[in-house]
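The values are calculated or read from the model by the stated rules, or taken from the named source; none is laboratory data. Computed from a predicted model, the values in this text were never measured in an experiment. No Cβ is skipped: glycine too gets one built from the backbone with ideal geometry, and neighbour counts run over all protein chains shown.
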């Protein structure tokens, strides 16, 4: 029927996850599918129905006024689906940690306030001993790991409580649920790694090993995947994105699954930053800028860049100085957006060129900044009737 009607392309709105199966089926049959942002195709004022929306969408597409949203390749989308599922499992497991805290609080046990991580070696050992029937505080305190800073006496005091059966039951179920979801997360890690192995390498890690990490880790921390994700991303991107200050392995992972290893879809870095929503969205009328705020959106890659920018507030690098300088002038929200924009431009350049991050390229900009500071100080001194005298070393 489609061949008879000479239909070559189809436009559809992105509504939750309901568009995904239809999009994939149409792609299999060879159609050019445009996934359109619903905000860009708002109907004219009047009654709004699904039929009228379809007709309006078809008309805009027929006259060439629609532009499809960016969607990575199929293999990248497959890993993205797995990682988003893994993220949901991590959130559910954290909910069960809260249930463990609640059960301990109901028994008047404050061990989770003494130990920073109740799911660590010491915390799980104590909870397992409590569920096994070991309730004397002195005996439980001997399970303390050597890295715990709290003293044995403090741990003993935090374990004096009421071990009621109903609370022990809820504690047992919460612990079982937490461990069940940790097993699911481990299975997700194995599946994700199997997909990453099949990706084409832009560089051979054996011939060109990645630079030494800024922070050495003996094993994954927090919710990091339980495999060497860093080496896979270095091999696929052809450069080590974690050398950029503020960018962690998880940030590089988010960039990979949301954008892909190839940024050729974006003609320039300006197009890339505009797609992220990290540049001013100027509204001009009569040659006057009415508003220049960034447009609202929930781009996950942009969120990752913003988190990386916020992590620079204590960094002693050029990017850290830049973030603090903008924050002092315009406040924290604008500083995060401006620094995220700068990070996006750096990452775009690294991925496109495959070069290693080198902070020395910012030395000239730092010199210009110091010269501006010196000129401003001289102006302030002259205005106040003072004269600056250089300090002789």
Number of positions in the stretch 305-331 that are more than 12 Å from residue 341 (Cβ to Cβ) and either part of a helix (DSSP H, G or I) or in contact (Cβ under 8 Å) with a residue 24 or more places away in the chain (or both): 15
Residue count, the stretch 52-70 (criterion: within 30 Å of residue 200 (Cα to Cα) and touching a strand residue (DSSP E or B) at 6+ places or on another chain (Cβ under 6 Å)): 2
Residue within the stretch 250-265 that is exposed (fewer than 12 other Cβ atoms within 10 Å of the Cβ) and either in contact (Cβ under 8 Å) with a residue 60 or more places away in the chain or under 27 Å from residue 37 (Cβ atoms) (or both) present: yes
Only one of 55, 24 that is farther than 30 Å from residue 193 by Cα and part of a helix (DSSP H, G or I): 55
Flag if residue 144 is modelled with pLDDT under 90 and loosely packed, with under 11 Cβ neighbours inside 10 Å: no
Odd one out for residue 383, checked against (1) at pLDDT 90 or above; (2) surrounded by 11 or more Cβ atoms within 10 Å (Cβ to Cβ): (2)
Filter result (in contact with a helix residue (DSSP H, G or I) (Cβ under 7 Å, 6 or more places away or on another chain) and either outside any helix (DSSP H, G or I) or without any contact (Cβ under 8 Å) to a residue 40 or more places away in the chain (or both)) within the stretch 357-389: 357, 387, 388
Residue check, residue 118 assigned to a loop (DSSP other than H, G, I, E, B) and surrounded by 13 or more Cβ atoms within 10 Å (Cβ to Cβ): yes
One residue from 192, 155, 148, 184 being part of a helix (DSSP H, G or I), in contact with a helix residue (DSSP H, G or I) (Cβ under 9 Å, 6 or more places away or on another chain), over 30 Å from residue 81 (Cα atoms) and not assigned by TED's automatic domain parsing to the domain that holds residue 315: 155
Residue among 285, 315 that is surrounded by 11 or more Cβ atoms within 10 Å (Cβ to Cβ) and assigned by TED's automatic domain parsing to the domain that holds residue 253: 315
Out of 293, 342, sole residue that is within 25 Å of the chain's Cα centre (by Cα) and at pLDDT 90 or above: 342
Conditions (1) in contact with a helix residue (DSSP H, G or I) (Cβ under 9 Å, 6 or more places away or on another chain); (2) surrounded by 11 or more Cβ atoms within 10 Å (Cβ to Cβ); number of the one not met by residue 328: (2)
Single match in 30, 46 (criterion: more than 22 Å from residue 295 (Cα to Cα) and either under 34 Å from the mean Cα position of the chain (by Cα) or assigned by TED's automatic domain parsing to the domain that holds residue 81 (or both)): 30
Test: residue 112 is crowded, with 18+ Cβ neighbours inside 10 Å, in a helix (DSSP H, G or I) and either out of contact with any helix residue (DSSP H, G or I) (no Cβ under 9 Å at 6 or more places or on another chain) or modelled with pLDDT under 90 (or both): yes
